[in-house]
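Notes follow once the structure below has been shown.
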Amino acid sequence: MGQAASPFQAVPKPLVLLAGKPLIRWAAEALTDTADPFRLTVIPAGEAGRQIQAALEGLGFAYAINPTPELGLLSSFQAAVRALPEGLDGAVFSLADMPLISTATHRALRAAWKPGVQAVQCRFGEVSAPPLVVGAELFAPLLALDAADHGPRKLLQGAVTITCPPGELLDVDTPQALVQAETWLTLQR
């Protein structure tokens, strides 16, 4: 008997179902309960991008195409910055494959971001990871980073950190991580 196909092979990762809902919908819904006036999702071109848009229908997101998603995380951050409207004083960056980040964590990030603070990032135990807030003064330096980098780490050296619940730090990239996320959600109910 053959082994069942991984859900990560069947659909783009943001569309993998967690408890009946796409990963990206979990991540996006945590953002909709914040006071952010503008919400943007970076998507790939083509059918995958259209499917992601359909998964987020009704949540009030604008969309930006990342023409080079194969370059990794920083290319998505850069696509987001290029698509932001003029006049924003900063932006929150959150990842579709981290569906356990709570609205409370997003609110705590924003509360820690005060005048003079260029960036705020989450600290989950010993690990610093998104979501994070990046001030507008870091937009140009972020765009100047080599797109082959894995993220804006170089710009976050002096970032303020907030302590976040360690259980929320789960990057759902594998079937095993998907099971962990389902277990976590069950325990939270």
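For the stretch 119-130, the condition holds for at least one residue, the condition being that it is out of contact with any Leu (no Cβ under 9 Å at 6 or more places or on another chain), assigned to a strand (DSSP E or B), within 22 Å of Phe77 (Cα to Cα) and among the charged types (D, E, K, R).
Please verify whether the stretch 72-82 includes one or more residues that are over 19 Å from Arg153 (Cβ atoms) and at pLDDT 95 or above. Checked the stretch 72-82: at least one residue is over 19 Å from Arg153 (Cβ atoms) and at pLDDT 95 or above. Quick check, is Ala119 surrounded by 12 or more Cβ atoms within 10 Å (Cβ to Cβ), small (Gly, Ala, Ser) and within 15 Å of the chain's Cα centre (by Cα)? It is false that Ala119 is surrounded by 12 or more Cβ atoms within 10 Å (Cβ to Cβ), small (Gly, Ala, Ser) and within 15 Å of the chain's Cα centre (by Cα).
Listed here are the residues, each with its yes/no results for (1) among the aliphatic types (A, V, I, L, M); (2) touching a strand residue (DSSP E or B) at 6+ places or on another chain (Cβ under 7 Å); (3) farther than 24 Å from Phe77 by Cα; (4) at pLDDT 90 or above.
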{"position": "Ala144", "(1), (2), (3), (4)": "yes, no, no, yes"}
{"position": "Gly158", "(1), (2), (3), (4)": "no, no, no, no"}
{"position": "Thr161", "(1), (2), (3), (4)": "no, yes, no, yes"}
{"position": "Gly167", "(1), (2), (3), (4)": "no, no, yes, no"}
{"position": "Asp173", "(1), (2), (3), (4)": "no, no, no, yes"}
{"position": "Ala177", "(1), (2), (3), (4)": "yes, no, no, yes"}
{"position": "Thr186", "(1), (2), (3), (4)": "no, no, yes, no"}
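Mind listing just one residue for me: the one in the stretch 9-39 that is modelled with pLDDT under 90 and of a type in the set (Val, Ile, Thr) and, of those, farthest from the chain's Cα centre (by Cα)? If we take residues in the stretch 9-39 being modelled with pLDDT under 90 and of a type in the set (Val, Ile, Thr), then Val11 is farthest from the chain's Cα centre (by Cα). Look at (1) more than 24 Å from Phe124 (Cβ to Cβ); (2) in a loop (DSSP other than H, G, I, E, B); (3) within 14 Å of the chain's Cα centre (by Cα) and you find that Tyr63 fails only one, number (2).
The values are calculated or read from the model by the stated rules, or taken from the named source; none is laboratory data. Since the model is a prediction, treat every value here as computed from it, not as a measurement. Counting neighbours? That spans all protein chains shown, and the Cβs are built from the backbone with ideal geometry, glycine included.
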